[in-house]
Amino acid sequence: MSTISAPGARGGSARPAASVPRGISRTYLVLELRRLVRNRRTLVFSLVMPPVFFLIFGTSPAYAHQSAGRGNVTAYVLVSMALYGAILTATAGGASVSVERAQGWTRQLRLTPLRPSAYIATKLAATMALSAVSIAVTLAVGSLRDPQMPLSAWVGCALVAWVGSVVFAAFGLFMGYLLPAENVMQILGPGLALLSFAGGLFIPLGDGLFADIARFTPTYGLAELTRAPLTGDGFTLAAVANVLVWTAVFAGGAAWRFRKDTARV
Amino acid sequence: MDTTAPAPATLALELRGLHKSFGDVHAVDGLDLDVRPGEVVAFLGPNGAGKTTTIDMVLGLSDPTAGDVRVFGSTPAEAIAAGRVAAVMQTGGLLKDITVAETVALTASLFGNRGPVLPFLERAGIAELAGRRVGRCSGGQQQRLRFAMALVSEPDLLLLDEPTTGMDVEGRRDFWAAIRADAAAGRTVVFATHYLDEADAYADRIVLVAGGRVVADGSAAEIKNVASGRVLSASFATPELAHDAARDLTSSGSPAEVRGTRLIVRTSASDDVARHLLTATSAHDLEVGASSLEDAFVRLTSSGRTDDRTDDPTSPTAPTGAHR
């Protein structure tokens, strides 16, 4: 409406009235993606390990003939590995905030107009992009080894795994704020492997005490939901409740630490 | 017709009764400071004097316990958002896996500036490092990168927190050459340092802080002048003779101290003291030295707070506006 600009009494330096980004900065997002692609470690964890694990664990010839609901067991293992890759990617992405915090980068950003929430959103967006690529690569590699499932299961499993992995981005963020930055992934990596066992991602859970405990771990609910399009079992109430509760815990925890971190003292 | 002076320009920095406590520790304890546009001010003090805490409050990274901070008349947060104030911090604040040019381009984009970054790199003297990963840059190079990042918003006020810590002599000289060239264009610069020579060489004005307060404020020459003058020393045959001479001098208004057989006097009337010592006592091996800024620094800061600021009319703690 108003075209009148207040130039203000500035000491000589004329400044362009450029619009300062208040939300996500495209430049920043592109740079974040470039950083992920350049990071060899990230690429190994996100794009190499999951398909390799599938090739190791999921290609037994017997699996091709065993049924897993609407597909075969090969497909079951493949979907599990895709989810494992997505979870690992998302957790590492969230946890990277802690490293950047320890390096003083988030403090440096506070000397710019970028909002702390926009910083987190940028990190999450880049992480979720890589998570999508991780799932796609794993499924693409796996598709060469004869997994059987209907197209709806391919798409459904991939989508649930991808959307669900955001829960682990929140987990990574929360843990990143809590754990010492230098070795956060050294702690989270083995922790995730354990959780993946609990989610039945590597071997079926079966019955027994471990299986009973496993039902309450954050990987279990998400794994059940991810495999539902393949098994045809539908979303069980227990799995949905598991995911909702853990989402609340991780997102709430991350938000709590985030607010504490950005508060001025 | 109008003979009154023009209305004073908005102060670049205005600190009023600034306090910051961490529990029982009063890091900043009633600090007042005015910095006018275009000044290059050294914030000089020993470690723990409250320099960094003060800078954090100016940048809005922390809130004062009491008191007020104004940067060009606005709050720190507003000044940051408008890009009017920028800082070169002591350590950290860099992503090691991206290049120098990427770091500056990103910072510029956050201020809505998508133009070329090379001019900023050139001004900071790191154009040839554009493609280098930050993690591969030396400490001095990283510091100049921080400087380039601080330039992207063309800030009117630039804060430097002990910017040359850990740099070698050449690195320090290059860094200051870049800062100085930039300040010549009219930028206001406030830098914290505990290097006395740095304050002496690069600042128009020195603000000495100790115990979270300003203990002296003036040009380097003024600070030296008020703090001491000259240092005389002379030897005596025995400590008793030295003590006798010291008593005489002290009672006549030139406080002297004795170390062993050597008498030491700090005085602005060095000629008179020297004449007295050589003619009326058995002093020998007399030496006269100019007091360094280091002496001034030690004397002013080790005495802690000087609550009697107005006693001495020549004190450089007199109104800051009187200088320049």
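The values are calculated or read from the model by the stated rules, or taken from the named source; none is laboratory data. Values in this document were obtained by computation on a predicted structure and should not be read as measured data. As a convention, Cβ positions derive from the backbone with ideal geometry for all residues, glycine included, and neighbour counts pool all protein chains shown. Keep in mind that these areas ignore ligands, DNA and RNA; they rest on the heavy atoms of the full protein, side chains included. Shrake-Rupley method; radii C 1.70, N 1.55, O 1.52, S 1.80 Å.
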request  = Determine the distance separating the Cα centre of segment B:97-144 from the Cα centre of segment A:69-96; give it in Å without decimals.
outcome  = 38 Å
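Rounded to a whole number of µm²/s, how large is the Stokes-Einstein D of segment B:154-288 at 37 °C and 0.692 mPa s, given Rh as the Kirkwood radius over C-alpha pairs?
Estimated via Stokes-Einstein, D reaches 183 µm²/s.
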request  = Provide the per-residue ³J(HN,Hα) series for segment A:108-115, in order, calculated from phi with Karplus coefficients 6.51, -1.76, 1.60 and θ = phi - 60°, each as a whole number of Hz, with x at glycine and proline positions.
outcome  = 4, 5, 6, 8, 10, x, 4, 7
note = Mean projected area (nm²) from the convex hull of Cα positions in chain A is 18.7 nm²
note = For the protein assembly as shown, percent of DSSP beta bridges that are antiparallel (nearest 5) comes out at 65 percent
query = Taking only protein heavy atoms and a 1.4 Å probe, what accessible area per residue, in Å², does the protein assembly as shown have with all protein chains in place?
reply = 46 Å²
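Please state the charge dipole magnitude for segment A:26-262, taken about the Cα centre, from unit charges on C-beta atoms (+1 on K and R, -1 on D and E), reported in debye and rounded to the nearest 20. Show your work: numbers first, answer last.
On the way: 18 positive and 9 negative charges, 213 e Å.
My answer is approximately 1020 debye.
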task = Could I get the Rg over Rh figure for segment B:1-158? Both from C-alpha atoms, Rh via Kirkwood, rounded to two places.
result = 1.03
key: Which listed pairs, of B:K20/B:K96; A:K123/A:K260; B:K51/B:K96, have C-alpha distances above 24 Å, in listed order   = B:K20/B:K96; B:K51/B:K96
Threshold 20 Å² - residues in segment A:91-138 whose accessible area is reduced by that much or more when the chain is no longer isolated, probe 1.4 Å = A:Q103, A:W105, A:R107, A:Q108, A:R110, A:L111, A:T112, A:P113
key: Rounded to whole Hz, the Karplus (6.51, -1.76, 1.60) HN-Hα couplings of segment B:86-99, x for glycine and proline   = 9, 9, 10, 7, 5, 9, x, x, 10, 8, 6, 9, 10, 7
query = So, in nm, how far is label A:I203 from label B:T91 when the simple model puts each one 7 Å beyond its Cα toward the Cβ?
reply = 4.7 nm
query = Projected onto the charge dipole of the protein assembly as shown (+1 at Lys/Arg Cβ, -1 at Asp/Glu Cβ, origin at the Cα centre), which of A:T138, A:A254, B:T75 gives the Cα projection farthest towards the positive end?
reply = A:T138
task = Return a whole-number percent for the relative contact order of segment B:38-145, with Cα pairs under 8 Å and 6 or more residues apart as the contact set.
result = 20 percent
ask   = List for segment B:82-102: residues with 30 Å² or greater reduction in accessible area, all protein chains versus chain alone, probe 1.4 Å?
value = B:R84, B:M89, B:G93, B:L95, B:D97, B:I98, B:E102
query = What is the Cα radius of gyration of the protein assembly as shown over 2.2 N^0.38 Å, N being its residue count?
reply = 1.32
request  = Starting from the Cα-Cα distance between A:L237 and A:V48, subtract it from 0.36 nm times their residue separation and give me the gain in nm to one decimal.
outcome  = 64.7 nm
key: Under-5 Å amide H pairs with B:E162, H placed in peptide plane, nonlocal only   = B:A192, B:T193
remark   = Between B:D32 and A:D261, Cβ-based FRET efficiency (R0 51 Å, step 0.05) works out to 0.95
ask   = Which of the listed residues, B:T65, A:T59, B:T281, is farthest toward the dipole's positive end in the protein assembly as shown, when Lys, Arg count +1 and Asp, Glu count -1 at the beta-carbon?
value = A:T59
task = Taking just the C-alpha trace of segment B:28-118, give me its Rg and Dmax in Å.
result = 15.5, 44
note = Here the FRET efficiency for B:T261 versus B:Y195, based on Cβ atoms and R0 = 30 Å and rounded to 0.05, is 0.30
query = Given the convex hull of the Cα atoms of segment B:154-216, what is a quarter of its surface area in nm²?
reply = 4.7 nm²
inquiry  = Per q in 0.21 Å⁻¹, report the Debye log10 I(q)/I(0) for segment A:130-243, using one uniform scatterer on each alpha carbon and no solvent.
reply    = -1.31
task = Putting +1 on Lys and Arg Cβ atoms and -1 on Asp and Glu Cβ atoms, find which of A:T226, A:P150, A:A121 reaches farthest to the positive end of the dipole of chain A.
result = A:A121
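Using a 1.4 Å probe and counting only protein heavy atoms, how much accessible surface gets buried when B and A come together, both sides summed, in Å² to the nearest 100?
On the way: alone 15650 and 14270 Å², together 26830 Å².
Buried area between the two chains comes out at roughly 3100 Å².
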message = Give me, ordered by chain and number, the residues 5 or more places off A:D146 or on other chains with an amide H under 5 Å from its own placed amide H.
response = none
task = State to the nearest 20 debye the size of the charge dipole of the protein assembly as shown about its Cα centre, where the only charges are +1 on K and R beta carbons and -1 on D and E beta carbons.
result = 2420 debye
Segment A:21-136: relative contact order as a whole-number percent, Cα under 8 Å and 6+ apart = 41 percent
task = Would you mind pulling out the separation of the Cα centroids of segment A:175-214 and segment A:116-165, in Å?
result = 20 Å
remark   = Scalar couplings 3J(HN,Hα) for segment B:253-266 by Karplus 6.51 cos²θ - 1.76 cosθ + 1.60 (θ = phi - 60°), nearest whole Hz, x for Gly and Pro, are x, 10, x, 10, 10, 10, 10, x, 9, 9, 9, 10, 10, 9
query = With the contact rule set at Cα under 8 Å and sequence spacing of 6 or more, what percent relative contact order holds for chain A?
reply = 24 percent
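Charges only on Cβ, +1 for Lys and Arg, -1 for Asp and Glu: so what's the dipole of segment B:229-290 about the Cα centre, in debye to the nearest 20?
On the way: 6 positive and 8 negative charges, 29 e Å.
That gives segment B:229-290 a dipole magnitude of about 140 debye.
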